[in-house]
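The block underneath contains the structure these notes are about, expressed in structure tokens.
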Amino acid sequence: MGGVVERIVEKIREESKEFEEVKIMHLCGTHEDTISKYNIRSLIPENVKLLAGPGCPVCIIPDEDLQKVFHLLEKEDVILTTFGDMARVPFEGKSLFHYRAKGKDVRIVYSVFDALEIAKNSDKNVVFFAIGFETTMPSTAVAAKEAPENFFIFSAHRFFIPAMEALMPNSEIDGYINPGHVSTIVGVVAYEGLTKYKTPMVISGFEPEDVLLSILMLLKAIKNGSPLLMNEYVRAVRYEGNVKAKEVMNEVFDAEDGSWRGLGIIPNSKASLSRVYENCDAEKFFEDVFEDFVPKEDKRKRNCLCGEILKGKAFPTDCKLFMKACTPRDPIGSCMVSFEGTCNIWAKYGKSL
Amino acid sequence: MCLAIPAKVLEIDYPFATVSLGGAKRKVRVDLLEDVKPGDYVLVHVGLAIQKVSEEEVREIERLWEELLRE
Ligand code: SF4
């Protein structure tokens, strides 16, 4: 595969000549990682703009969900389990790690199955703070089916396809790079309904060659007005996706309107536990605890541009706090926390424009 | 969060499998995939194998690359 990168870049240069400007948005934090790590923005011509969308599940979780989990920890003696990224997200300067330092039982797990094991070996109530898009939801769904009595799920899961449905109409974007691993679950079929917006989409893998090839495929499709839906990541994404995973996900979760940082309320985007699984729904089981819950605003985040960055309307370098008041060591917004957050990635690899 | 890593299946103990993930052995769940066998490559995300990665399709993508570059 030697020289492939150069050859694709050359083709991209040729294809892009006739455009004044092309705006391509990717929808996955892992794509931003590839793009920044390999400096893809500087490899391709300047008139091809690569924007980052809302593809970071930690970043898009609104403060309200996080505050609710804090509230639960303050009121109830539970073992709170979650992924490491989520535990570092601050609200008013506090994170789940802060609660752990204060003596609360907060445990970082690699997977929901580890949380399940903790519950099986404990008399205490164990709550799993579940985050992630369709890639991650099947694992939580499998765990819900095997939940012991003391295991609860606080679901901050979001369905990604409804977010695209919200994003695509009236958008200035000329082409989309669709998230590769969400697509391994939902399949090519999930995007068929979105072709009505007439904006080409390509499901892409995560090697630099994959991303570059996807850009090339998009440029050709934008020029020709078709195809509107392409799959570059054929080695992992099938037309129908992972049918078993979709089945268990649909069995365990119901879609409700859900709020996203930066994007507001998106219809049918929040995955809540369905009736059948309400016995392990933390929001139902601890209903009384949440009765006096009132969401607040984090004043520290007043100048945080995370919301704009998630919409592709700003870059981290547009934020006055970037690498000044806000750093990976002492983050203000979630985009600086997550390894898939654009601010964190730019901090890691240096300025990427 | 949405990162999934390719791993080689070493042994099946349904619904689990031992896989080799970047050289380390790890136990993951494989019950959302159809007939996984030792020797298969799977994409692992937070302890769950979410899809098989096929060797044939790896070659397929190389063919696609070649085709696009030749045009
Ligand atoms: S640099 Fe920090 S404060 Fe600025 S947008 Fe990013 S996360 Fe928010």
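Under 14 Å Cα to Cα from residue A:223, which aspartates and glutamates show up? Leave out anything in the same chain fewer than 8 places away.
Those aspartates and glutamates meeting the cut-off are A:14, A:15, A:18, A:20, A:21, A:174.
Using alpha-carbon positions, what is the distance between the centroids of the range A:261-289 and the range A:307-339, in Å?
Between the Cα centre of the range A:261-289 and that of the range A:307-339, the gap is 28 Å.
Sorted by packing (mean other beta-carbon atoms within 10 Å per residue), highest first, where do A:78-85, A:319-326, A:12-19 land?
Values: A:78-85: 21.8, A:319-326: 17.6, A:12-19: 15.1.
Averaged packing, sorted descending, gives the order A:78-85, A:319-326, A:12-19.
Could you run the Debye sum over the Cα atoms of the range A:262-336, one equal point scatterer each and no solvent, and tell me log10 of I(q)/I(0) at q = 0.13, 0.17 Å⁻¹, two decimals?
-0.63, -0.84
Give A:198/A:246; A:23/A:198; A:75/A:124; A:246/B:8; A:124/A:145; A:246/A:270 a once-over and call out the pairs whose C-alpha atoms are over 21 Å from each other. Mind showing how you got there, number by number?
On the way: A:198/A:246 26 Å; A:23/A:198 14 Å; A:75/A:124 14 Å; A:246/B:8 23 Å; A:124/A:145 19 Å; A:246/A:270 15 Å.
Correct reply: A:198/A:246; A:246/B:8.
Would you kindly calculate the mean projected area, averaged across all directions, of the convex hull enclosing the Cα atoms of the range A:304-347, in square nanometres?
Values: hull surface 9.8 nm².
Directional mean of the projected Cα hull area for the range A:304-347 stands at 2.5 nm².
With the convex hull built on the Cα atoms of the range B:1-57, state its orientation-averaged projected area in nm².
3.7 nm²
Scattering from the C-alpha atoms of the range A:193-321 alone, worked out with Debye: what is log10 I(q)/I(0) at q = 0.21, 0.22 1/Å?
Taking Cα atoms of the range A:193-321 as identical point scatterers yields -1.23, -1.25.
By per-residue mean of other Cβ atoms within 10 Å, what is the highest-first order of A:89-102, A:291-304, A:119-132, A:155-168? Walk me through the intermediate numbers first.
Details: A:89-102: 17.4, A:291-304: 12.4, A:119-132: 20.3, A:155-168: 22.6.
Those peptides, ordered most packed to least, come out A:155-168, A:119-132, A:89-102, A:291-304.
Taking every pair of alpha-carbon atoms in the range A:1-289, what share in percent sits in each 10 Å bin, from 0 to the bin with the longest distance?
Calculated P(r), rounded to whole percents: 6, 27, 30, 21, 12, 4, 0.
When all alpha-carbon pairs of the range A:40-85 are counted, what percent fall beyond 18 Å?
On the way: 563 of 1035 pairs.
Of the Cα pairs, 54 percent sit more than 18 Å apart.
Give me the residues in the range B:1-29 whose solvent-accessible area, probe 1.4 Å, is reduced by at least 50 Å² once all protein chains are included instead of the chain isolated.
Buried by the other chains: B:1, B:2, B:29.
Taking Cα atoms, how many degrees apart are the long axis of helix A:208-224 and the longest axis of chain A, rounded to 10 and kept between 0 and 90?
So the inclination is approximately 60 degrees.
Need one value for A:55-61: mean number of C-beta atoms belonging to other chains within 10 Å of its residues' C-beta atoms.
Across A:55-61, the average partner-chain Cβ count within 10 Å equals 1.
Taking the alpha-carbon set of the range A:227-270, what are its Rg and Dmax in Å?
14.5, 35
Could you work out the relative contact order of chain A, using alpha carbon pairs under 8 angstrom and six or more residues apart, expressed as a whole percent? Don't skip to the answer; put the middle values down first.
Numbers: 652 pairs, mean separation 81.8, N = 353.
For chain A, the relative contact order is 23 percent.
Please name which of A:312, A:289, A:36 has its Cα lying farthest along the dipole of chain A towards the positive end, using unit charges on Cβ (Lys, Arg +1; Asp, Glu -1) and the Cα centre as origin.
Farthest towards the positive end: A:36.
Could you give me the ³J(HN,Hα) list for the range A:276-289, computed from phi with Karplus coefficients 6.51, -1.76, 1.60 and θ = phi - 60°, whole Hz, x at Gly and Pro?
4, 9, 5, 5, 10, 8, 4, 5, 7, 4, 9, 2, 4, 5
Can you check what the net charge comes to around residue A:245, using other residues whose Cβ is under 14 Å from the Cβ of residue A:245 (Lys, Arg +1; Asp, Glu -1)? Intermediate results must be reported in sequence, preceding the final value.
On the way: positive: A:145, A:238, A:244, A:246, B:29, B:52; negative: A:134, A:240, A:247, A:251, B:31, B:34.
Residues close to residue A:245 contribute a combined charge of 0.
Treating only the Cβ atoms of Lys and Arg (+1) and Asp and Glu (-1) as charged, compute the dipole magnitude of chain A about its Cα centre; round to the nearest 20 debye. Before the final figure, lay out each step's value.
On the way: 44 positive and 52 negative charges, 223 e Å.
Dipole magnitude for chain A comes out near 1080 debye.
Applying a 10 Å radius around every beta-carbon, put B:13-24, B:30-41 in order of their mean neighbour count, most first. All intermediate terms of the calculation are to be shown ahead of the outcome.
On the way: B:13-24: 13.7, B:30-41: 15.7.
So the peptides B:13-24, B:30-41, ranked by packing, come out B:30-41, B:13-24.
Could you work out [θ]222 nm for chain A from helices alone, using -39500 (n - 2.57) per DSSP H run of at least four and dividing by all its residues? Round to the nearest 500 deg cm²/dmol.
Details: 17 runs with 134 residues, N = 353.
It lands at -10000 deg cm²/dmol.
Could you provide, to the nearest whole Å², the per residue accessible area of chain A with probe 1.4 Å? Don't jump to the answer; show the numbers that get you there.
On the way: 13850 Å² over 353 residues.
About 39 Å² of surface per residue is accessible.
With heavy atoms of protein chains only and a 1.4 Å probe, what residues of the range A:222-247 have at least 40 Å² less accessible area in the full set of chains than alone?
The answer is A:234, A:235, A:238, A:242, A:244.
About its Cα centre, how strong a charge dipole does the range A:1-158 have in debye, to the nearest 20, once Lys and Arg get +1 and Asp and Glu get -1 at the Cβ? Mind dumping the intermediate values first?
Numbers: 20 positive and 25 negative charges, 58 e Å.
Using Cβ point charges on Lys, Arg, Asp and Glu, the range A:1-158 gives about 280 debye.
Any chance you could give the angle, 0 to 90 degrees and rounded to 10, that helix A:4-16 forms with the longest Cα principal axis of chain A?
Once rounded, the angle reads 70 degrees.
Just the number, please: carbon plus sulfur as a percent of the accessible area of chain A, 1.4 Å probe, no ligands or DNA/RNA counted. Don't skip to the answer; put the middle values down first.
Numbers: 6530 of 13850 Å².
Carbon with sulfur: 47 percent of the solvent-accessible area.
Within the range B:4-33, what residues put their amide N at less than 16 Å from the label point 7 Å along the Cα-to-Cβ vector of residue A:247?
Counting backbone N atoms under 16 Å from the label point, the list is B:15, B:30-33.
The values are calculated or read from the model by the stated rules, or taken from the named source; none is laboratory data. What you see is a predicted model, and the numbers here were worked out from it, not measured in a lab. Don't worry about glycine lacking a Cβ; one is built from the backbone with ideal geometry, like all the others, and counts go over all protein chains shown. Just so you know, the surface numbers come from the protein's heavy atoms only, side chains and all, with ligands and any DNA or RNA stripped out. Shrake-Rupley method; radii C 1.70, N 1.55, O 1.52, S 1.80 Å.
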